[in-house]
Amino acid sequence: MMQFCGTKLDKKDFFGKSDPFLIFYRSNEDGTFTICHKTEVVKNTLNPVWQAFKIPMRALCNGDYDRTIKVDVYDWDRDGSHDFIGEFSTSYKELSMGQSQFNVYEVVNPKKKEKKKNYKNSGT
């Protein structure tokens, strides 16, 4: 059982804020990633709180507590051309520590990081 929230995510919509959602990917033995969960879209906010969800450990990390779990953060668009906000990686071992000030992930957009010198992140 997991629950996530975002803070100060990048504003992507021209009017309003963003409509963020998360996509979770499990890493495979060959270095590729497979989608294992998508959250619902939280409308018009830069500080979303997604509903708690259950996911079998096998689907998330195949029982390997150190296996990389990649999470992409997107801004939902009605036409399906969702805007990439950023990404972060973690593991079941890190997630299992639960909510604390140490279990906060910077959402980073690699393209923005490349272009902007003082870019820190696109939220947490």
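The values are calculated or read from the model by the stated rules, or taken from the named source; none is laboratory data. Just so it is clear, the model here is predicted, and its values are computed rather than measured. Every residue, glycine among them, receives a Cβ derived from its backbone with ideal geometry; neighbour counts consider all protein chains shown. These area figures cover heavy atoms from the full protein model, side chains too; ligands, DNA and RNA do not enter into them. Shrake-Rupley method; radii C 1.70, N 1.55, O 1.52, S 1.80 Å.
Data overview
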item	result
Pairs with Cβ under 6 Å, 6+ apart, first in the stretch 95-119 and more than 19 Å from Gln3 (Cβ to Cβ) and hydroxyl-bearing (Ser, Thr, Tyr), second part of a helix (DSSP H, G or I) and at pLDDT 90 or above	Tyr119/Lys112; Tyr119/Lys113
Residues located in the stretch 1-19, provided they are outside any loop (DSSP other than H, G, I, E, B) and either surrounded by 15 or more Cβ atoms within 10 Å (Cβ to Cβ) or in contact with a His (Cβ under 8 Å, 6 or more places away or on another chain) (or both)	Met2
Residue that is surrounded by the most Cβ atoms within 10 Å (Cβ to Cβ), among those in the stretch 53-81 that are assigned to a loop (DSSP other than H, G, I, E, B) and aromatic (Phe, Trp, Tyr)	Trp76
Residue that is in contact with a Ser or Thr (Cβ under 7 Å, 6 or more places away or on another chain) and at pLDDT 95 or above, where the choices are Asp75, Asp83	Asp75
Any pair with Cβ under 8 angstrom, 6 or more apart, that starts in the stretch 1-26 at a residue that is without any contact (Cβ under 8 Å) to a residue 40 or more places away in the chain and ends at one that is small (Gly, Ala, Ser)	Lys11/Ser18
Filtered residues of the stretch 82-115 (kept if farther than 24 Å from Lys54 by Cβ, in a strand (DSSP E or B) and open to solvent by 40 Å² or more (accessible area, probe 1.4 Å))	Asp83, Phe84
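Condition check ((1) more than 14 Å from the chain's Cα centre (by Cα); (2) surrounded by 14 or more Cβ atoms within 10 Å (Cβ to Cβ); (3) charged (D, E, K, R); (4) not in a loop (DSSP other than H, G, I, E, B)) across all residues:
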| residue | (1), (2), (3), (4) |
| --- | --- |
| Phe21 | no, yes, no, yes |
| Gly31 | yes, no, no, no |
| Thr34 | yes, no, no, yes |
| Val41 | no, yes, no, no |
| Gln51 | no, no, no, no |
